1. I'd like the accessible area for Y54, computed on protein heavy atoms only with a 1.4 Å probe and all protein chains in place. Round to 10 Å², please.
2. Excluding same-chain residues fewer than 8 positions from K62, which lysines have a Cα within less than 27 Å of its Cα?
3. Below 17 Å, Cα to Cα, which lysines can K106 reach? Residues fewer than 8 away in the same chain don't count.
4. How much solvent-accessible surface does T44 expose, in Å² to the nearest 10, with a 1.4 Å probe and all protein chains in place?
5. Take segment 16-110, drop everything but the C-alpha atoms, weight them equally and run the Debye formula without solvent; then report log10 I(q)/I(0) at 0.24 Å⁻¹ to two decimals.
6. Show D87, D71 ordered by accessible area, largest first, where the area counts protein heavy atoms only and the probe is 1.4 Å.
7. Provide the solvent-accessible area of M23, counting protein heavy atoms only and rolling a 1.4 Å probe, rounded to the nearest 10 Å².
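The values are calculated or read from the model by the stated rules, or taken from the named source; none is laboratory data. Note that the structure is predicted; figures quoted are calculated from it, not measured. With ligands, DNA and RNA removed, areas are computed over all heavy atoms of the protein, side chains included. Shrake-Rupley method; radii C 1.70, N 1.55, O 1.52, S 1.80 Å.
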Amino acid sequence: AARLSGGENRLVSLPLSRIRVIMKSSPEVSSINQDALFLTAKATELFVQYLAVYSYKHGRGKEKGALTYSDLSYTAEECETFQFLADILPKKILASKYLKMLEKEKQDGEVGGDDEEDED
């Protein structure tokens, strides 16, 4: 593998300095080889590209001619390969629906909480 010089940084679109900071944020990492940094950046770039193309092809993006957040969240939820992103790319919901969900959870929690108090 070739060593990175100033000109080779153009082979990746992502900023290597940011990727180095992210990699160093792990407590197990003490030093980062330039080749490992470059390969991590390139792999990340290719992964993001694959996610975008897959989401565009399998979402409603084709109809609109654009990739939307809902296309990405649909892919994360429905495609087994990308399910690890479901927490990062959740489906958008209206605030009113979210408040109703919270109220329902609160009511369900109160019903379960009463049973525990009777045991004491």
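1. Accessible area, nearest 10 Å²: 60 Å².
2. Once the sequence-local lysines are set aside, what remains near K62 is K42, K91, K92.
3. Filter leaves K97.
4. The accessible area of T44 comes to roughly 60 Å².
5. Rounded to two decimals, the profile gives -1.12.
6. Solvent-accessible surface, decreasing: D87, D71.
7. 50 Å²
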